[in-house]
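Only the coordinates and a few stated rules stand behind these numbers; no lab work does. This structure is a prediction, so every number in the text was calculated from the model and none was measured. Note: ideal-geometry Cβ built from the backbone for every residue, glycine included; neighbour counts use all protein chains shown.
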Amino acid sequence: MKTAIVFGGSKGIGAQIAREFANCGYFVVINYNSSKLAAEKLAAELKNSIAIKADVKNYKEVKALADEVIKLKGQIDVAVVSSGISRKNLIIDTTEDEIKDVIDTNLIGTINAIKAVSENMLSNHKGKIITIASMWGEVGASMESIYSASKGGVIAFTKAMAKELGYNGINVNCISPGLIDTDMNKDLSKEDIDSLIENTPSSRIGVPQDIAKAAIFLASDDASFINGQVISINGGFII
Ligand code: NAP
C-alpha cells in the first residue's frame, strides 16, 4: 500500500485530495495545524489514515512528521502540499505580520514540506510531489499581491525541484487552481462570485474534486512523463 501525505489535509481542497487518495487505496496522512477535530474526523472516516499535526511554517515540526511517517510506513510515495492562507488588502494597508504570515505559510511552508520528504524519496529513487499554487500566482491579483507573490514562488520552486529531483525518479508538479468553493472564499459576495462565473468559459466555479482528480492523475504511473509542469484548473478563466 502506497503512502500519501497531504499537507493541509484537514479542510477544503486538501481534505478532498485525502479522500480521493484513500479511495484509490493509499494510506493517507492528513496533516493539520489548527483544525484538529476536522482532521481526526476525516482520518476516522477514511480507511487507513492518520492525522498528524505540524505547522508547515516550522521546519522542525514538518521534519518530525515526515520521520514519523517513515517509521510507521517505511517510505513516502506521494506528498501533496495544499496548506495555505489568503489575505486581501491593498499593499499600502498590508502589515508586516500579514506579509510574513502569507509568505511563511504558502511559500516557506511548501519549501519546508518538500525538503522534509525529499530525502526519503531520493534514497528510494522514486516519489511524486504535487504543490498547489493559484491562478493569481500566474497572473497576479490586485488586493492579493502578497498571496500572488507567494504562489508565484511556489510555481518557481516546483520547477526548480523538478530539475533537481527529476533525475532521481521523482516527479514534481504544480496544480494551479482558479476559484474553488472552500472556506477560503467564504467572504466573497454573491455578486463577486456571479461576476467570476460570468468571466469563466466553463460557467461555474470549481469544487475541490476538480483539483483532487488531477492530483490523483499526477501521482499515478500514467503521469510519469509529466515533470515540472503547472496544470491550471480554472474553467478557462485564465488562458
Ligand atoms: P481552506 O479550506 O482554508 O484550507 C486550508 C488548509 O491549509 C487547511 O487544511 C489548513 O489546516 C491548512 N493550513 C493553513 N495554514 C497551515 C499551517 N501553518 N500548517 C499546516 N496547514 C496549514 O483552503 P483551500 O481552498 O482548501 O486551499 C487549499 C490550497 O489551495 C491553498 O494553498 C490555497 O492557497 C490554494 N488555492 C485555493 C483556491 C480557492 O479558491 N479555494 C484557489 C487557488 C488556490 P488547519 O485548518 O488545520 O490549520
| By Kyte-Doolittle mean hydropathy of at least -1.0 and Cα axial length of at least 24 Å, which whole DSSP H helices of the chain are selected? | 145-165
| task | Take the chain, connect every pair of alpha-carbon atoms lying under 10 Å apart with a spring to form a Gaussian network, then pick out the residue of A66, A22, A141 with the largest mean-square fluctuation. | result | A141
| query | Highest GNM mean-square fluctuation, the chain, Cα pairs closer than 10 Å: which of K53, K11, K88? | reply | K88
| query | Calculated from DSSP H runs of 4 or more alone, at -39500 (n - 2.57) each and per residue, what is the 222 nm mean residue ellipticity of the chain, nearest 500? | reply | -14000 deg cm²/dmol
| note | Counting only residues 5 or more apart in sequence or on a different chain, those whose built amide H sits under 5 Å from that of G127 are N171
| request: Please work out the C-alpha center-to-center distance from region 1-51 to region 194-239 and express it in whole Å. | output: 21
| Which percent of the Cα-Cα distances in the chain go past 34 Å? | 10
| task | Arrange the following residues from fewest to most other Cβ atoms within 10 Å of their Cβ: D104, D210, D221. | result | D221, D104, D210
| remark: Where a ≥ b ≥ c are root eigenvalues of the Cα gyration tensor, a/c under 1.5 meaning rounded, otherwise prolate if a/b exceeds b/c and oblate otherwise, region 88-223 counts as oblate
